[in-house]
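Note sheet for the following structure.
The values are calculated or read from the model by the stated rules, or taken from the named source; none is laboratory data. Just so it is clear, the structure is predicted and the values come from calculations on it, not from any experiment. FYI the Cβ positions are ideal-geometry reconstructions off the backbone, even for glycines, and counts take in every protein chain you see. Accessible surface is based on the protein model in full, side chains and every heavy atom, while ligands, DNA and RNA are left aside. Shrake-Rupley method; radii C 1.70, N 1.55, O 1.52, S 1.80 Å.
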Protein chains: 2
Amino acid sequence: MQKQPTIRDVAQAAGVSVAVVSRVLNPGSGPVAAATRARVNDVMKTLGYHPRTAARELKYGPPTTLGLLLADVSNPFFARLADQVVQEAHARGIQVLLMTTQEDDQLESERLATLIERRVSGIIATPTGNNLATWKQLQDLGTDVVFVDRSIPSLPEVDVVSIDNFESARSATALLAAHGHRRIGIISGPAASTTGRERIAGYRQALETAGLEQDELLIRHAAFRGPAGGDAASALLNLEEPPTALVVANTAQVTEVLRRLSHAGIDIPRTLSVIVFDDSPWTELMTPALTIVRQPIDLLARHSVQLALSNTQGKTPGKPNVIRVAAELVERSSVARLQFSK
Amino acid sequence: MQKQPTIRDVAQAAGVSVAVVSRVLNPGSGPVAAATRARVNDVMKTLGYHPRTAARELKYGPPTTLGLLLADVSNPFFARLADQVVQEAHARGIQVLLMTTQEDDQLESERLATLIERRVSGIIATPTGNNLATWKQLQDLGTDVVFVDRSIPSLPEVDVVSIDNFESARSATALLAAHGHRRIGIISGPAASTTGRERIAGYRQALETAGLEQDELLIRHAAFRGPAGGDAASALLNLEEPPTALVVANTAQVTEVLRRLSHAGIDIPRTLSVIVFDDSPWTELMTPALTIVRQPIDLLARHSVQLALSNTQGKTPGKPNVIRVAAELVERSSVARLQFSK
DNA sequence: AAAATAAGTGGAACCGGTACACTTTTATGT
DNA sequence: ACATAAAAGTGTACCGGTTCCACTTATTTT
């Protein structure tokens, strides 16, 4: 752990001033003779010199770092999102600081504090729904905040990127109705979340259009974490008049819900038809292959990164910016056509 | 985007010197009267002051950031690893810069450069196998480098954390042999990777112990990315004398291989028994539930973070440090007992 | 009560780059 | 050859914290 060479070491070794070295480092910032440039580059190589980002960032705030604050990267949906965001950011020469909240307000608050201290230029987050003051503060500080997948209703001025939750849930439900299902259950995100509410709304709309009765017992909200998702599934199965079809619209808990169904020995699609909000590769590997709502994660990522860097790039396209991308209903084999319906 | 308050703004507003504010910021660095401390804290709150990490890091290298360089976070194995590493790091007050290589030498090289410029205190990586000079340079610079899951043979002095690949593959293969299988195939990582080679070695050992003939046609190496995994699966199925059992030991491509098997209409376990190296939640949801080798990702993460911060924490426990954690063979339903064997 | 010790505070150098203002060298035009 | 402009290079203040050292003011010791 020897001490690293600085720009002054390089300047001295090359027999020039630090200003010249700096110019070599930042092409276009000033003229340097070709010979000098070559000599300086040589010296940098032999000394193993690398400029320190920290020093650079001190002068101008860093447009070089982005905070990505997700609930939980072990969830495939968020993992894929993280992967895409990182790639998108790298393509723009931006680094990504990854943080996780585990859906915990307190943790979220701490993570936000460190992001503030790092003066990241933008934050892409799946908010827990609290820490309103901090989110506001961030905006005031000029940090570009983008909520992805979910949002917070009481913070309407924050940018949001998500799929069209209403329409996705509506079309999924409509598909089930078209297959003759009359008792269709739905497990969605928490009632406090926009995601959860919008999907339920789409579901209701579809039922209404199909002329089906709405039974509140068939509508379940489940927290993003914990056993709630599984419990909701069990509850639906144990109803006096259980559903013949189920929309699992809580992206964060799809696996958990499916595990319960599987353990309960449910035969899909014979006793229960299923559509899930998740396009993990394994949904196709299951028997039967699951009919899914595919979220275009690449688009979510691209738009998020773009918005999160909008300030940096000068253009602030009339906040708040709400981007809804279309989700795709992929029909596979987990939906049965009911024979004797009506 | 107004300009943010600095430590001098706070000092002035509180009627003290910057030195005092700094002491308030870093408790234990010097005495401050209780009344003064309270006043300074008040001012910081009303001004919305947050110290800048970049400035802080300038004085002393940052023991506050860790680089995590993974092949691909959309792969569940790496995703879970990332999640655990982030949690482990956060528990120590360390931030994680996430980068991905997509198994590309060039990209890896670029990511390493930015990590060097950021002077991260440690790097946890799944190396592509190239960029030897850069890895060496990093070590010389005093950065703690830890290879996780894989390693590079020609860099024996770098720390490694992984499962016991030899023993895991051996026991998986032995299980199949004990069930009467005589033609057991294996798809492992690239021959150039330690992971791939060690798993093959364990496989051979098990065959030898069981007194089974070794057929080189049954041994397939597949690159971590691309169609190679699927192709290897197809090739095995199309053999004149195809295997009755298969060990999928290429963690990075398990899904890809299974997709091929599924598309080929293979009945598991009737026509083909399968054991895979992956403990994603969905392996249990499939029909049949897959018998797997479970990698203790939490342990991998914990040890990696620990080693990656060892220099920072003063203790350099005799490099190189090779930590092998035990993997667990979880028997489920994808292995059939052959009736008329021998 | 004098001397020794501790507590509280302020001034300024420093970390490693960047960029502005400036001087010196080289090239261009007629 | 001479004026003029452009190119190449230098010196140094600055970014926002941390910390050493000097200094003043309480508190304790004998």
When the range A:44-73 is checked residue by residue, the ones that are within 21 Å of the chain's Cα centre (by Cα) and among the charged types (D, E, K, R) are A:ASP72
Using the structure shown, decide if A:ASP72 is closer than 30 Å to B:ARG80 by Cβ, open to solvent by 20 Å² or more (accessible area, probe 1.4 Å) and either of a type in the set (D, E, K, R) or in contact with a helix residue (DSSP H, G or I) (Cβ under 9 Å, 6 or more places away or on another chain) (or both).
yes
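If only one of B:ARG150, B:ARG183 is basic (Lys, Arg) and within 19 Å of B:LEU69 (Cα to Cα), which one is it?
B:ARG150
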For A:LEU69, state whether it is in contact with a Lys or Arg (Cβ under 7 Å, 6 or more places away or on another chain) and either within 14 Å of DNA strand D (Cβ to nearest atom) or touching a residue at least 40 places away in the same chain (Cβ under 8 Å) (or both).
yes
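Okay, residues lined up against (1) away from DNA strand D (no atom under 16 Å from the Cβ); (2) open to solvent by 40 Å² or more (accessible area, probe 1.4 Å); (3) at pLDDT below 95; (4) within 30 Å of B:LEU300 (Cα to Cα):
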{"position": "B:PRO27", "(1), (2), (3), (4)": "no, yes, yes, no"}
{"position": "B:PRO31", "(1), (2), (3), (4)": "no, yes, yes, no"}
{"position": "B:GLY61", "(1), (2), (3), (4)": "no, yes, yes, yes"}
{"position": "B:LEU81", "(1), (2), (3), (4)": "yes, no, no, yes"}
{"position": "B:GLN87", "(1), (2), (3), (4)": "yes, yes, no, yes"}
{"position": "B:LEU97", "(1), (2), (3), (4)": "yes, no, yes, yes"}
Exactly one of these conditions fails for A:ALA38: (1) open to solvent by less than 60 Å² (accessible area, probe 1.4 Å); (2) more than 9 Å from DNA strand D (Cβ to nearest atom); (3) closer than 30 Å to B:ALA82 by Cα. Give me its number.
(3)
Over the range B:9-23, the set of residues surrounded by 12 or more Cβ atoms within 10 Å (Cβ to Cβ) and either touching a residue at least 60 places away in the same chain (Cβ under 8 Å) or near DNA strand C (Cβ under 9 Å from one of its atoms) (or both) is B:ALA11, B:ALA14, B:VAL16, B:SER17, B:VAL18, B:ALA19, B:VAL20, B:VAL21, B:SER22, B:ARG23
Neighbours by Cβ (under 6 Å, 6+ apart or cross-chain): first from the range B:229-244, over 22 Å from B:LEU175 (Cα atoms) and in the same structural domain as B:HIS263 (by TED's automatic domain parsing); second among the acidic types (Asp, Glu) and open to solvent by 10 Å² or more (accessible area, probe 1.4 Å):
B:GLY229/B:GLU256; B:GLY230/B:GLU256
Give me a count of the residues in the range A:259-281 that are part of a helix (DSSP H, G or I) and either touching a Cys at 6+ places or on another chain (Cβ under 9 Å) or open to solvent by 10 Å² or more (accessible area, probe 1.4 Å) (or both).
5
Criterion (surrounded by fewer than 18 Cβ atoms within 10 Å (Cβ to Cβ) and in contact (Cβ under 8 Å) with a residue 40 or more places away in the chain) met by exactly one of A:GLY129, A:GLY142, A:GLY93, A:GLY196
A:GLY142
Mind listing whichever residues of the range A:109-120 are aliphatic (A, V, I, L, M) and surrounded by fewer than 23 Cβ atoms within 10 Å (Cβ to Cβ)?
A:ALA113, A:ILE116
Within the range B:145-159, does at least one residue satisfy the condition of being within 14 Å of the chain's Cα centre (by Cα) and facing chain A (nearest Cβ under 10 Å)?
no
Would you list the helices (runs of 4 or more DSSP H) that sit entirely within the range A:27-94 and hold 1 or more residues that are away from DNA strand C (no atom under 13 Å from the Cβ)?
A:34-47, A:76-91
Failed item in (1) open to solvent by 50 Å² or more (accessible area, probe 1.4 Å); (2) more than 12 Å from DNA strand D (Cβ to nearest atom); (3) modelled with pLDDT of 90 or more, with A:GLN2 passing the rest
(3)
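With part of a helix (DSSP H, G or I), over 13 Å from A:GLY67 (Cα atoms) and modelled with pLDDT of 90 or more as the only criterion, which of A:THR134, A:THR128 stands out?
Exactly one of A:THR134, A:THR128 is part of a helix (DSSP H, G or I), over 13 Å from A:GLY67 (Cα atoms) and modelled with pLDDT of 90 or more, namely A:THR134.
Conditions (1) within 14 Å of DNA strand D (Cβ to nearest atom); (2) more than 13 Å from chain B (Cβ to nearest Cβ); (3) crowded, with 23+ Cβ neighbours inside 10 Å; (4) more than 25 Å from B:ALA54 (Cβ to Cβ), marked per residue:
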site: A:ILE7; (1), (2), (3), (4): yes, no, no, no
site: A:ALA34; (1), (2), (3), (4): yes, yes, no, yes
site: A:THR46; (1), (2), (3), (4): no, no, no, yes
site: A:PRO51; (1), (2), (3), (4): yes, no, no, no
site: A:THR65; (1), (2), (3), (4): no, no, no, no
site: A:GLN102; (1), (2), (3), (4): no, no, no, yes
The one condition B:GLN106 fails out of (1) part of a helix (DSSP H, G or I); (2) more than 24 Å from A:GLY48 (Cα to Cα); (3) open to solvent by 60 Å² or more (accessible area, probe 1.4 Å) is (2)
